[in-house]
Amino acid sequence: MNENQTLIFKRKLELELDSLRNAFLSELKRSNNVFMASLVDRLEAASPTEWLDLAADSISPEHLPRYHRLVELEAALCQIDIGQFGFCCDCEQEIDLDSLQHDPATQRCISCRTKKAS
Ligand SMILES: [Zn+2]
């Protein structure tokens, strides 16, 4: 993958991360759970790198799907930083471009995904 492609994916990941964070915060703000509401204050004060740890300790089950997506997005962005983006986390082969275009946070190549599903 060339640098321009990686940058486009990075931008896409950052945009999704940003809107997901906002959605996540407003979801927590609407929560009737006092503890979740207090988490919002802590998350808003925290740096993005502290986010996942903070949330992991205190998230309630209904927020898990969003939380998992956040983890995926953070992981993909981290892979871009260390130059490992676009490689399968199981077999280390390159992930096909179609899959990444469909979802830049894709972690596995087609054959590993198929193996996992079966
Ligand atoms: Zn693989």
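The values are calculated or read from the model by the stated rules, or taken from the named source; none is laboratory data. Not measured: the values here are computed from a predicted model. Cβ: placed from backbone, ideal geometry, glycine included. Neighbour counts: every protein chain shown. Ligands, DNA and RNA are stripped out before the accessible areas are found, and what is left, the full protein with its side chains, is counted by its heavy atoms. Shrake-Rupley method; radii C 1.70, N 1.55, O 1.52, S 1.80 Å.
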Review point. What is the local net charge at residue 104, summed over the other residues whose Cβ is closer than 13 Å to its Cβ (Lys, Arg +1; Asp, Glu -1)?
Key: -3
**Study point:** Under 15 Å, Cβ to Cβ, from residue 39 - net charge with Lys/Arg +1 and Asp/Glu -1
**Key:** -2
Review point. Could you give the dipole magnitude of the chain about its Cα centre, charging the beta-carbon of Lys and Arg +1 and that of Asp and Glu -1, in debye to the nearest 20?
Key: 340 debye
**Study point:** For the stretch 8-17, 3J(HN,Hα) per residue [Karplus equation, 6.51 cos²θ - 1.76 cosθ + 1.60, θ = phi - 60°, Hz, x = Gly/Pro]
**Key:** 5, 5, 4, 4, 4, 5, 5, 4, 5, 4
Check your understanding: Just 35, 87, 24 to compare: in a GNM of the chain, with alpha carbon springs under 10 Å, which one fluctuates most?
Key -> 35
Check your understanding: In Å², what does the accessible area per residue of the stretch 3-86 work out to with a 1.4 Å probe?
Key -> 59 Å²
Study note, to complete from the structure: For residue 87, the residues 5 or more places away or on another chain with a placed amide H closer than 5 Å to its own amide H are 95
